[in-house]
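A.B. asks: Would you mind keeping the following structure in view while I ask a few things?
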Amino acid sequence: MKYKIHLIAAILSSAVSTTFAQTAKELATKHMVDSLKMAALSDYATRYPFLRQGFLATDITGGRNVKAELNGKDLYAGEMNITRVRASFNIPLAQWGKNTVTGTVSYQQTHFDTHDIQSYSPQFTAKDQSITKNAVGFTASYSHSDSLFNHPVNFGGSISGLTDEFSSIKRINYLGNISVPIKRSQYSSLTVGLVVIIDPSAVAPVVPFISYWHKYKNSDWELFVDLPQRIVVRKQLTKKSWVFLGSELGGSLYFFDLNQPNLPQNAIYSAMEIRSGATFEYLVTKKLVLGVSSGLYSTASPRLFDHNDKPSDYFAKINGGSAPYINFSLSFLPFIKR
């Protein structure tokens, strides 16, 4: 009888040990796979900064000549300097199957300093102007990977809110996108797609995009054509450092509460921004990247319009030339599991 008990105990002990060993092996394998995925995503994020977990940046723009118009008439001319602090952080919220939900929180503070002003209207005094604007943004994004006609395809959508106060959200927009990978090889890739924008201040409701990457053989140079966002080349300098050269297109939006007769009380200023120059980045730690960039800064389609109107119905605009800029940044490669 004792022999049978000992035999059963041995069998149970062996089964438990085997199960524990298998579980430990599965966990170790999963951990290794997750680590490899995270390492690959981190490497990818060194090439595509929008994939990074978050960043903090300071922009300093030198003086550029600007000229303002109000209702089609000259208002003033002067020289403007811009100092801007930007921050953003991405947080994976949920993931199941081929679906992912991500939240993004962003903050921007911009200081405009206009001096050497020449006024063309009694409505505007010829004295230095100093304005600081703040904006906080919240975005929830959803993405889904699937196939269509036996070809991989990615769908996505997002809802964003922007405000300069804590009591309300002043601007909400919706985006939907679809992207289709056309080709992928060791040295090149091509993806095309469409973005649908539901926002009164959008320049166009539908924007096509193309993302092309090419790595030159036997070279540390890479080409990125991500239209309409950027055209840059990247060179790996060392294992922990690299440089980007090219141009990038961005945008800015600010809220103005105007207390002037015959002008809208609640107005929005929007402009497209073009930066052309060089960016040097250095991997300080496994996930921390320091960067510095410099070049020329310019704006396109800068307009001030009523918050209920479209940008084409603007009542004021500020035109200006290019100016040198310098940017200092601190960014984080992905470290939260996606």
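The values are calculated or read from the model by the stated rules, or taken from the named source; none is laboratory data. Since the structure is predicted, the reported quantities are computational estimates derived from the model, not experimental observations. Counting neighbours? That spans all protein chains shown, and the Cβs are built from the backbone with ideal geometry, glycine included. SASA here: full protein model, heavy atoms, side chains in, ligands and nucleic acids out. Shrake-Rupley method; radii C 1.70, N 1.55, O 1.52, S 1.80 Å.
A.B. asks: Using a probe radius of 1.4 Å on heavy atoms only, what accessible surface per residue do you get for the stretch 61-134? Whole Å² is fine.
C.D. replies: On the way: 4100 Å² over 74 residues.
Using a 1.4 Å probe on heavy atoms only, each residue of the stretch 61-134 averages 55 Å².
A.B. asks: With θ taken as phi - 60° and the coefficients 6.51, -1.76 and 1.60, list the Karplus ³J(HN,Hα) couplings across the stretch 68-77 in order, rounded to whole Hz; mark glycine and proline as x.
C.D. replies: 9, 10, 10, 6, x, 10, 4, 10, 6, 9
A.B. asks: Could you work out the relative contact order of the chain, using alpha carbon pairs under 8 angstrom and six or more residues apart, expressed as a whole percent?
C.D. replies: 15 percent
A.B. asks: Could I ask something else about it? For Tyr216, put the label point 7 Å out on the Cα→Cβ axis and report which residues of the stretch 153-191 keep their amide N under 19 Å from it.
C.D. replies: So the set is 186-189.
A.B. asks: Can you list the equivalent-ellipsoid semi-axes of the chain, largest first and in whole Å, using the square root of 5 times each Cα gyration tensor eigenvalue? Each step should come with its number before you reach the end.
C.D. replies: Values: eigenvalues 488, 111, 81 Å².
Working from the Cα gyration tensor, I get semi-axes of 49, 24, 20 Å.
A.B. asks: Next question. Could you pull out every residue, at least 5 positions away or on a different chain, whose amide H is within less than 5 Å of the one on Lys170? Hs are placed 1.01 Å off N in the peptide plane, and Pro or chain starts have none.
C.D. replies: Leu162, Thr163, Asp164
A.B. asks: Okay, moving on. Of the listed pairs Lys235/Lys286; Lys67/Lys127; Lys37/Lys287, which have alpha-carbon separations greater than 21 Å here? Walk me through the intermediate numbers first.
C.D. replies: Details: Lys235/Lys286 19 Å; Lys67/Lys127 15 Å; Lys37/Lys287 14 Å.
Flagged as over cut-off: nothing, all pairs pass.
A.B. asks: Which loop trypsin sites (Lys or Arg not before Pro) in the stretch 55-104, with loop taken from DSSP, have no more than 13 other Cβ atoms within 10 angstrom of their Cβ?
C.D. replies: Numbers: sites: Arg64, Lys67, Lys73, Arg84, Arg86, Lys98; in loops: Lys98.
Filter output for the stretch 55-104: Lys98.
A.B. asks: Let me ask another. Considering every pair of different Cα atoms, what Kirkwood radius, in Å, is found for the stretch 218-290?
C.D. replies: Numbers: mean 1/r = 0.0648 Å⁻¹.
Result for the stretch 218-290 stands at 15.4 Å.
A.B. asks: Here's a follow-up. Equivalent ellipsoid semi-axes for the stretch 220-338, as square roots of 5 times the alpha carbon gyration tensor eigenvalues: give them largest first, rounded to whole Å.
C.D. replies: Numbers: eigenvalues 266, 56, 33 Å².
Each semi-axis is √(5λ); the values are 36, 17, 13 Å.
A.B. asks: Continuing with this model, one more query. Would you mind checking the radius of gyration and Dmax of the stretch 244-284 based on alpha-carbon positions, in Å?
C.D. replies: 17.5, 54
A.B. asks: Hey, what's the stretch 299-338 come to in accessible area per residue, 1.4 Å probe, Å²? Please report the intermediate quantities before stating the final value.
C.D. replies: Working: 2030 Å² over 40 residues.
Normalised by residue count, the accessible surface of the stretch 299-338 is 51 Å².
A.B. asks: What does the charge add up to near Gly156, with Lys and Arg as +1, Asp and Glu as -1, over the other residues with Cβ less than 13 Å from its Cβ?
C.D. replies: On the way: positive: Lys98; negative: Asp146.
So the environment of Gly156 carries a net charge of 0.
A.B. asks: With a 1.4 Å probe and all protein chains left in place, how much of the accessible area of the stretch 180-338 comes from carbon and sulfur atoms, in whole percent?
C.D. replies: Numbers: 5360 of 8550 Å².
Result for the stretch 180-338: 63 percent of the exposed heavy-atom area is carbon or sulfur.
A.B. asks: Another question about this same structure. Decide, for the stretch 64-163, between rounded, prolate and oblate: order the square roots of the alpha carbon gyration tensor eigenvalues as a ≥ b ≥ c, take rounded if a/c falls under 1.5, and otherwise choose prolate if a/b is larger than b/c, else oblate. Please report the intermediate quantities before stating the final value.
C.D. replies: On the way: a/c = 4.35, a/b = 2.73, b/c = 1.59.
In terms of gyration-tensor shape, prolate.
A.B. asks: Which value in deg cm²/dmol, rounded to the nearest 500, describes the helix-derived mean residue ellipticity at 222 nm for the chain, given -39,500 (n - 2.57) per DSSP H run of n ≥ 4 and division by the residue count? Spell out each step's value before the answer.
C.D. replies: Numbers: 1 runs with 44 residues, N = 338.
Helices in the chain give a 222 nm mean residue ellipticity of -5000 deg cm²/dmol.
A.B. asks: Output the Cα-based Rg and Dmax of the stretch 251-321 in Å, rounding Rg to one decimal and Dmax to a whole number.
C.D. replies: Computed over the Cα atoms of the stretch 251-321, radius of gyration and Dmax are 17.7, 56 Å.
A.B. asks: OK, next. What are the semi-axes of the equivalent ellipsoid of the stretch 170-247, taken as the square roots of 5 times the eigenvalues of the Cα gyration tensor, listed largest first and rounded to whole Å?
C.D. replies: On the way: eigenvalues 189, 51, 17 Å².
Rounded to whole Å, the semi-axes are 31, 16, 9.
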